Structures are given as structure tokens and as C-alpha cells.
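Structure first, then comments.
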Amino acid sequence: MAPLAFAAAGGKKIPVGLELYSVRGELAKDLPATVTAVAKMGYQVVEFFAPYYQWTEDYAKQVRKLMDDLGVRCNSTHNSPASFSASGMQRAIDLNKILGTKFIVMASAGRVEGIDGWKTLADTLTQASDKFRTAGLRAGYHNHQAEFQMVEGKRPIEVLAAHTPKEFMLQFDVGTAVEVGYDPVAWIESNPGRINSIHCKDWAPGTPEDNKSYRVVFGEGVCPWAKIFAAAESVGGVEYYLIEQEGSRYPELETAQRSLDNWKKMRA
């Protein structure tokens, strides 16, 4: 199998992984078999999402052993706001330390009212970042469409970037920014060193009725991936890529395999 890590500026190898939400149905049925299948495809990294927070520490240790045996890493997890609350942070820290992750990422903030609401969220993220730092972990935030749309004359994502520490990761979900007309390369270039991971979610024009916009397989949409990779690897500070699929015309595992096949063609 051809190596899937590619040299960025300075010769650093950048692995490609899978956001396991892409195979959420299979994961819910059989987590060990699903992670094994993903690893055998050639993915080097996995990202667990919200359900992991309910694991016991013993189960987290079993998952860590499975990953170690397969030679894959979990560099980050996706979390609800509960993991960033005063009562929930320690549990998130304990589980992520077991899994060997580096970043605890807020997957979505839910409903936020006005720019003041986004500033309040930034304060919450900063407090969590300070707490995570003491445990050797970093905090991050994953955008959707809303963060790139104007609110009271400002974009919420710009508010979050301006009011969080420089070591706070701005995990970039590309497709959602492209859908609302934002230039993904411009965003990466305006936040040097902070785009430490990228959700490689593609997008193509479609209608709400056909629901095809995010159901294109990675590499078959309109996102300018070559320019995105160049910016991420020259100034963005990307450390790993994560392919993400919300679904497609194919079953989940086949979609993951096709996405990786397209990745290899694109990066050859």
C-alpha cells in the first residue's frame, strides 16, 4: 500500500485520518470491527465523536489498546459543550489522556445569540484551554456554516479566533465554509499556525430536496483541495487531515474507502 503521509514545508509528514462520524452506523454496531476496517483501508488517524464521552475508563483503555495494535492514533475527539463545562472538563481530560489525544475539540456550540453570545463562548473556550493545558492537552473548535455567516456585522468565527489563545486550534471544516461562500484559502492564510487539523468534507451545489450537497464523496465536489492543501501546509500549521462524510450514495465503509482512494489520487 502506498504511504499516505505527505511532506509539507520543512519535510514534515502529515497523516490522513477519518472522522468516525462518517461511519457512525457501523461504529454503533461494532466499534472494534469498524476501527479495524478503517485502519486496514490505510487511514492513519481516527477521530471519535460525542458518544465516547460515555465510555468507562476501562473501555477507553480497551480502545486505546486496539488502536495501538492497529498502528493508528486518535489525535483529537469531538465533544459537546459539556466537555468544556466546569463539571465536565476533568472527565474529558481523563478519557483523552487514556486515548492519547492531543486536542479536545468542541464539535458545535449549538444555538448562540448575537455577537455577545459568541464572545461568551470564546471566554468559555479560553477557560477550558487553560485547564486542558495543565494536563498537556489543547482545546479546539470545529466550525459549521453559522460561524462564517455575518452576525451584527461580524463573522462569529473571527470573534472566536480573536478571543482565544494562539495555541487554541481552529479545526477547519471546509465544506460548510464553502457552502456559504467563504474562501477557505483566505481563512487558512489569515490564521497562520492555528489550522492544526482540517475536516476534508467536500460540498457540491444541490437542493434541499435531493440532499446531495454533502453526499458527494470526498474529491468529487467543488472545494479547491489543491489550494487548500498548499495553504494548510505552508502557513496553516496543519498536523493531520481528517476526511469526513455525512453520507453518500454508497454504504458507510465503502464511502470511506472511496474517499481514501480519491485522496491518494489527489495526493499522488
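Worth a mention:
- Taking amide H positions as modeled 1.01 Å from N, with prolines and chain starts lacking one, the residues under 5 Å from Ser197 and 5 or more places away or on another chain are Phe172, Glu239.
- Phi angles of region 126-135 translate, via the Karplus equation with coefficients 6.51, -1.76, 1.60 and θ = phi - 60°, into HN-Hα couplings of 5, 4, 5, 4, 5, 5, 5, 4, 5, 9 Hz per residue; Gly and Pro are given as x.
- Expected 222 nm ellipticity per residue - DSSP helices of 4 or more, -39500 (n - 2.57), all of the chain, to 500: -11500 deg cm²/dmol
- Residues whose amide H comes within less than 5 Å of that of Ala139, counting only those at least five positions distant or on another chain, are Ile104, Met169 (H built at 1.01 Å from N in the peptide plane).
- Near Ser213, the amide H atoms lying under 5 Å from its own belong to Thr207; only residues 5 or more places off or on other chains count, and H is placed 1.01 Å from N.
- Of the residues Ile243, Gly175, Pro51, the one whose Cα sits farthest toward the positive end of the charge dipole of region 17-251, with +1 on the Cβ of Lys and Arg and -1 on the Cβ of Asp and Glu, is Pro51.
- Across region 158-179, the residues whose backbone nitrogen lies under 15 Å from the label position 7 Å along the beta-carbon direction of Ile115 are 158-163.
- Spacing of the two label points (7 Å from each Cα toward its C-beta) at Val151 and His163, in nm: 0.9
- Karplus 3J(HN,Hα) series, Hz, for region 221-236 with 6.51 cos²θ - 1.76 cosθ + 1.60 (x for Gly, Pro): x, 10, 5, x, 4, 4, 5, 5, 4, 4, 5, 4, 8, 9, 10, x
- Likely footprinting exposure, Leu125, Leu242, fewest C-beta neighbours within 10 Å first: Leu125, Leu242
- Couplings 3J(HN,Hα) of region 190-204, computed from phi: 8, 10, x, x, 10, 8, 6, 9, 10, 7, 7, 9, 8, 8, 9 Hz, in residue order, whole Hz [Karplus 6.51 cos²θ - 1.76 cosθ + 1.60, θ = phi - 60°; x for Gly and Pro].
- Taking N as the residue count of the chain, its C-alpha radius of gyration divided by 2.2 N^0.38 Å amounts to 0.95.
- Relative to the Cα centre, the charge distribution of the chain, modelled as +1 at Lys and Arg Cβ and -1 at Asp and Glu Cβ, gives a dipole magnitude of about 700 debye.
- Shown for His199, His144: other C-beta atoms within 10 Å of each C-beta, ranked fewest to most, produce the order His144, His199.
- Considering only beta bridges that DSSP places wholly inside the chain, some 10 percent are antiparallel.
- Filtered GluC sites (Glu not before Pro), region 121-193: DSSP coil and at most 14 other beta carbons within 10 Å: Glu152, Glu167
- Sites excluded, trypsin sites (Lys or Arg not before Pro) in DSSP loops with at most 14 other C-beta within 10 Å, longest stretch of the chain: 13-110
- Taking the number of Cβ atoms within 10 Å of each Cβ as an exposure proxy, the fewest-first ranking of Asp261, Asp116, Asp173, Asp202 is Asp116, Asp261, Asp173, Asp202.
- Rounded, prolate or oblate (a/c below 1.5 giving rounded, otherwise prolate when a/b exceeds b/c) for region 107-198 by Cα gyration tensor: oblate
- Candidate lysines - alpha carbon under 19 Å from Lys131, same-chain residues fewer than 8 apart omitted: Lys97, Lys102, Lys119, Lys166
- The chain, relative contact order [Cα under 8 Å, separation at least 6], %: 19
- Where labels lie 7 Å past Cα in the beta-carbon direction, separation of Tyr250 and Gln62 in nm: 3.1
We did not get these values from a lab; they are worked out from the coordinates using the rules stated. Fair warning: this is a prediction, and the values are worked out from it, not measured in the lab. Cβ atoms come from the backbone with ideal geometry, glycine included; neighbour counts cover every protein chain shown.
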